[in-house]
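The values are calculated or read from the model by the stated rules, or taken from the named source; none is laboratory data. What you see is a predicted model, and the numbers here were worked out from it, not measured in a lab. Every residue, glycine among them, receives a Cβ derived from its backbone with ideal geometry; neighbour counts consider all protein chains shown. Quick note on the areas: whole protein, heavy atoms, side chains included, nothing else; ligands and nucleic acids left out. Shrake-Rupley method; radii C 1.70, N 1.55, O 1.52, S 1.80 Å.
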Amino acid sequence: FQRANGQGQGYRGYCTSGDRFCEQAMLGLLAYHDATGTAEALATFYGSQGRTDSAMVWFDRAVVKGPVTGQLLHNRAMARYTSDPKGCLEDLEQAIRIGHGRVGESYALRARARFRDGLYAEALDDISTAMDRFGHRRADAYLLRGLCQYHLGQKEQAAANAREVLKLEPGSKQA
C-alpha cells in the first residue's frame, strides 16, 4: 500500500479481492494513523475490493469524525454511484464546492451521474468543465460529451467528439 498524499487523504491498495493477508496488512498499517484517517483509509480499501456496503460504513464514520475534505466526499460519491444516486450527487456538489486536488474527476463523475439521470445539458456542462478547466481529456470524456450533444440534437459536435475518441482509442466500438 502507498499513501495517496502526505496528509492522510486516502490510500491506494494493490490487493486482490478477498485477500485476507492483504486485509490484515492494511489493518496493521492503519493502527499507526489517527481515527479519521483510519476510517477513510478503510473505506477506500473496502471500496477498492468491491465491498461497497463496508466502504459506506467507513466513509460515513469518516464524515462524522471529520474533517470533511473534498477528496473524502468524492471517494464516498464513487461508492454511492450505483446504490445511492441522490447521495452521490450531493457528495459531488460538496466536493466541488470544497475543492480538492482532483476536482476535475468530481465534475466528470457528476457528469456521468447526470447523464444517467437524463440531465443531458447539465451533464454536458460538467464534462466540458472537467475537460476544459481541468484537462480531463480522456476518451471516455469525449465519448460522454458526444453522447450528451447527440441527445441535445447537436449532431455535428457529437460527431467531432466521436472522432476524438477514435484518435485516442482507434477501433472503439462505442464511438
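Annotations for the structure displayed:
- Matching option when the condition is open to solvent by less than 70 Å² (accessible area, probe 1.4 Å) and within 15 Å of the chain's Cα centre (by Cα), among Ala108, Ala158, Ala162: Ala108
- Scanning the range 52-93 for residues that are within 13 Å of Leu109 (Cβ to Cβ), open to solvent by 30 Å² or more (accessible area, probe 1.4 Å) and at pLDDT 90 or above returns Met78, Arg80, Tyr81, Pro85, Leu89, Glu90, Glu93.
- Residue check, Tyr142 hydroxyl-bearing (Ser, Thr, Tyr), without any contact (Cβ under 8 Å) to a residue 60 or more places away in the chain, open to solvent by 70 Å² or more (accessible area, probe 1.4 Å) and in a helix (DSSP H, G or I): no
- The set of residues from the range 52-82 being farther than 18 Å from Arg112 by Cα, touching a residue at least 24 places away in the same chain (Cβ under 8 Å) and basic (Lys, Arg) comprises just one member, Lys65.
- Which numbered condition Tyr120 misses (of (1) open to solvent by 20 Å² or more (accessible area, probe 1.4 Å); (2) at pLDDT below 95): (2)
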